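**Student:** My questions all concern the structure below.
The values are calculated or read from the model by the stated rules, or taken from the named source; none is laboratory data. For clarity, every value in this text was computed on a predicted model and none was experimentally measured. We place every Cβ from the backbone using ideal geometry, glycine too, and count neighbours over all the protein chains shown.
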């Protein structure tokens, strides 16, 4: 194999923007082969697109299929694509694996010393530069506007990179030669300052253990790990940004209403510690000061299951989304339980994590069951006739957590019950085969409380076109035959999980007591579809018989909503993400007699 790094640079002073001369030549190793690749190798091309990429940036990963497609399309027009990875935290083998996994059909180079990134003043992944024949940078910025920090459009509305390439042969002006990029910052690691007082081992490691590692570790939702100094240092620029803007840790509940045991809010003191450490150059400190590593569970987050149920057959997920979407798929599992089972922990695990948006596992009691489950709106399709009293066992969605109930609280899977898995698939440009599963852990002693999940929903709504603040209300628990009835016995509220789709704006829940008194229980001022969060009370909220839950949601169907698929159309209830839902999922407990 050739030497890992061979670089030759010739350049002019700082390049401030598109349209400037970039007399630059580089020679970097291809991460997959080790073969040096030089910009001069493509001097006969009409243009070279240099895209800075990373291996763990979520937005960068979403754009991998787009880059592969554009590269193939524009190769016929004399354009060469080159990816450059300048992230300190990404090894050459990491870069090679990313390129292979996403089948990138162009050179993917490793810029170990940030030289090319510094020369072009690249800031984020994925940031694209179009270098025309003759050496002018005629475009720099985003690929298109399909993906952002808080939105994912079905299709882009502005194809900036393609528009720049299309303008070259006709010598037309490029409409927007410089655009803003959404993505992960390329970390430039500076030497620690001599006067640094905050170290990773003594101060920062503990903050990351408390607030970040639950998600930022292998196999979890975090796109990269933060388990050691090298990882934290390598992602320090991005940590600074998301912590400063309070995008991370993700938490959306109004702190003035309710107290929740899974509150992810980072205290101001811990935030200040992280930012001071980064400002001081990320000093490591003495290893003897490091706290013991957290022993995070591997595999199942709930621990080793007592039983695992798996889909009988694989489901083939196509590479592209059909015009009308993929209907929710339902998989019926016969438990064959010969006695009632009480579940204290449950977890749904996607087989093809890349394309499974969510899983909901429903408990379907035998027909004519006497279980105290409200006969609400049908949650399952007609081909499962027993489902009138279905309730949720567990689920998984972006940002959600497995079901881990309090001691003495459990969900009942009755003898002879079925479990039905509802899966929502979202293709991402490659075909997959999914075989998802759920794991259950049973109580060791008979529980004192039975936990039931119900939807407080309204499905008879129409959001007008271009409406920016449309109100929809629901009340419940709901009896399908009699309407909203309220609770038919004293209950304890354990958690709420608001659910809307791409036009969801805010969500509010209050209790209306039998005497007319009203108490707010949860307020989500800014709903985020990308984080389907369950808000779990620190202390269960006791509600007397006759209490009604009242949910109020607002939807933004205007052109100002970047998530909005089409503001010119009215929107009604539907399974697909371009349609809408309004559900206040509620976990409540009743005392067992």
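**Student:** Could you tell me which residue of region 103-117 is farthest from residue 166 (Cα to Cα), considering only residues that are surrounded by fewer than 19 Cβ atoms within 10 Å (Cβ to Cβ) and within 30 Å of the chain's Cα centre (by Cα)?
**Tutor:** Per the stated criteria, the residue is 112.
Yes/no matrix, rows are residues, columns are (1) in contact with a strand residue (DSSP E or B) (Cβ under 7 Å, 6 or more places away or on another chain); (2) at pLDDT 95 or above:
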site	(1), (2)
500	yes, yes
521	yes, yes
524	yes, yes
551	yes, yes
563	no, no
567	no, yes
581	yes, yes
586	yes, yes
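**Student:** In the set 18, 47, which member is farther than 30 Å from residue 229 by Cα, modelled with pLDDT under 90 and crowded, with 19+ Cβ neighbours inside 10 Å? Reasoning before the result, please.
**Tutor:** Numbers: 47 fails: modelled with pLDDT under 90.
Among 18, 47, only 18 is farther than 30 Å from residue 229 by Cα, modelled with pLDDT under 90 and crowded, with 19+ Cβ neighbours inside 10 Å.
**Student:** Scan region 247-262 residue by residue and report those that are in a loop (DSSP other than H, G, I, E, B) and in contact with a strand residue (DSSP E or B) (Cβ under 6 Å, 6 or more places away or on another chain).
**Tutor:** Those that are in a loop (DSSP other than H, G, I, E, B) and in contact with a strand residue (DSSP E or B) (Cβ under 6 Å, 6 or more places away or on another chain): 252, 253, 254, 257, 258, 259, 261, 262.
**Student:** Restricting the search to region 70-89, which residues are closer than 25 Å to residue 231 by Cα, touching a strand residue (DSSP E or B) at 6+ places or on another chain (Cβ under 8 Å) and either assigned to a loop (DSSP other than H, G, I, E, B) or not assigned by TED's automatic domain parsing to the domain that holds residue 46 (or both)?
**Tutor:** Across region 70-89, the qualifying residues are 86, 87.
**Student:** Restricting to region 151-177, count the residues that are in contact (Cβ under 8 Å) with a residue 40 or more places away in the chain and either in contact with a helix residue (DSSP H, G or I) (Cβ under 9 Å, 6 or more places away or on another chain) or loosely packed, with under 14 Cβ neighbours inside 10 Å (or both).
**Tutor:** 7
**Student:** Kindly list the number of the only condition in (1) buried (at least 22 other Cβ atoms within 10 Å of the Cβ); (2) in a loop (DSSP other than H, G, I, E, B) that fails for residue 139.
**Tutor:** (2)
**Student:** Which of the following residues is buried (at least 16 other Cβ atoms within 10 Å of the Cβ) and more than 25 Å from residue 410 (Cα to Cα): 487, 496, 537, 529? Break it down stepwise before answering.
**Tutor:** On the way: 487 fails: more than 25 Å from residue 410 (Cα to Cα); 496 fails: more than 25 Å from residue 410 (Cα to Cα); 537 fails: more than 25 Å from residue 410 (Cα to Cα).
Being buried (at least 16 other Cβ atoms within 10 Å of the Cβ) and more than 25 Å from residue 410 (Cα to Cα) holds for just one of 487, 496, 537, 529, which is 529.
**Student:** Quick one: would you say residue 132 is more than 28 Å from the chain's Cα centre (by Cα), crowded, with 18+ Cβ neighbours inside 10 Å and free of Cβ contacts under 8 Å to residues at least 40 places away in the same chain? Break it down stepwise before answering.
**Tutor:** Values: more than 28 Å from the chain's Cα centre (by Cα): yes; crowded, with 18+ Cβ neighbours inside 10 Å: yes; free of Cβ contacts under 8 Å to residues at least 40 places away in the same chain: no.
Against the criterion (more than 28 Å from the chain's Cα centre (by Cα), crowded, with 18+ Cβ neighbours inside 10 Å and free of Cβ contacts under 8 Å to residues at least 40 places away in the same chain), residue 132 does not qualify.
**Student:** Restricting attention to region 346-369, and to residues there that are part of a loop (DSSP other than H, G, I, E, B) and in contact with a strand residue (DSSP E or B) (Cβ under 8 Å, 6 or more places away or on another chain), which single residue is surrounded by the most Cβ atoms within 10 Å (Cβ to Cβ)?
**Tutor:** Applying the filter and picking the extreme gives 355.
**Student:** I'd like to know if region 263-285 contains one or more residues that are in contact with a strand residue (DSSP E or B) (Cβ under 9 Å, 6 or more places away or on another chain) and either in the same structural domain as residue 230 (by TED's automatic domain parsing) or in a helix (DSSP H, G or I) (or both). Quick ask: steps written out before the conclusion?
**Tutor:** Initial filter on region 263-285 (in contact with a strand residue (DSSP E or B) (Cβ under 9 Å, 6 or more places away or on another chain)): 263.
Okay, now just the ones that are also either in the same structural domain as residue 230 (by TED's automatic domain parsing) or in a helix (DSSP H, G or I) (or both), so 263.
Yes, that holds for at least one residue.
**Student:** Here's another thing I want to ask about it. All but one of (1) over 27 Å from residue 351 (Cα atoms); (2) surrounded by 15 or more Cβ atoms within 10 Å (Cβ to Cβ) hold for residue 302, so report the exception by its number.
**Tutor:** It is condition (1) that residue 302 fails.
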